[in-house]
């Protein structure tokens, strides 16, 4: 009877699928997995991010280590850390993957329109302004691009950008100095938001010092807006009376609508529901900055470049 079983030395474990954004394998996908595990610091976390069984991640890491003849990761009780060999290989492998993705992108887009997936993160405050318009523009102008929109809180979006799970994201910055390499899309004034029937709001601006002593509904520390408000209170000798801490704008609005106090938020025209009203804060005017940030861990493809241009165009004021 014929034995069809492969000898152990010829066994090659299951390989991870090529990155969905490429659809074209130029570099062995196991090295993509190596970089993702190094970034995640955990086999289980990398498996979750890659949407594959942890056993497959473990087998492929073991296969790479067998090929290298040495461990690439130290296993610890809290995850994995790179060995000395892994540390030496990581920069070169990362650079090679970026070059390979660029080459794959050139091959895909040598003729025709851009293709591939572009993942865009948005804070809840940006969804109404950008999500539908961006989806419609991409569908009409770039039918080969799969747009993946993700909504999340500021800390979640920033973490996903850092981990390379997003190509780009629309986020808020509290001051111009923090914009850095990001693309400035809009400047939005801060407003005091209160119940719709509040006689002191709606049709006039309100001075910053008038907020002193008001019951406020604000994010908890270390939220960037909260840090800014704490600094302003010291700078202007004010007393900020925090009635409720709520870390999402929607939560703040719900508490305000129920009579729990006043929120401080970036308010776009027509964005408040009928239960709420607001006044712009002046003396001084306080602005926040809507910026487009690109992930340092994702290659800039033709598709992501054109989606970025669309977002910048949508942010331009209509004339």
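The values are calculated or read from the model by the stated rules, or taken from the named source; none is laboratory data. Since the structure is predicted, the reported quantities are computational estimates derived from the model, not experimental observations. Ideal geometry is used to build each Cβ from the backbone, glycine not excepted, and the neighbour counts take in all protein chains shown.
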Worksheet item: What is the residue count in the stretch 272-312 for residues that are under 18 Å from residue 134 (Cα atoms), touching a helix residue (DSSP H, G or I) at 6+ places or on another chain (Cβ under 8 Å) and either free of Cβ contacts under 8 Å to residues at least 12 places away in the same chain or in a loop (DSSP other than H, G, I, E, B) (or both)?
Response: 1
Item to complete: Go through (1) in contact with a helix residue (DSSP H, G or I) (Cβ under 8 Å, 6 or more places away or on another chain); (2) at pLDDT 90 or above; (3) closer than 24 Å to residue 296 by Cβ one by one and return the number of the condition residue 16 breaks.
Response: (2)
Worksheet item: Of the residues 304, 248, 266, which single one is farther than 30 Å from residue 33 by Cα and touching a strand residue (DSSP E or B) at 6+ places or on another chain (Cβ under 9 Å)?
Response: 266
Worksheet item: Which number in (1) over 30 Å from residue 25 (Cβ atoms); (2) assigned to a helix (DSSP H, G or I) marks the one condition that residue 180 misses?
Response: (2)
Discussion item. As an exercise: evaluate residue 193 against (1) surrounded by fewer than 19 Cβ atoms within 10 Å (Cβ to Cβ); (2) in contact with a strand residue (DSSP E or B) (Cβ under 7 Å, 6 or more places away or on another chain); (3) touching a residue at least 24 places away in the same chain (Cβ under 8 Å); (4) outside the structural domain of residue 311 (by TED's automatic domain parsing) and give the number of the one condition it does not meet.
Written reply: (1)
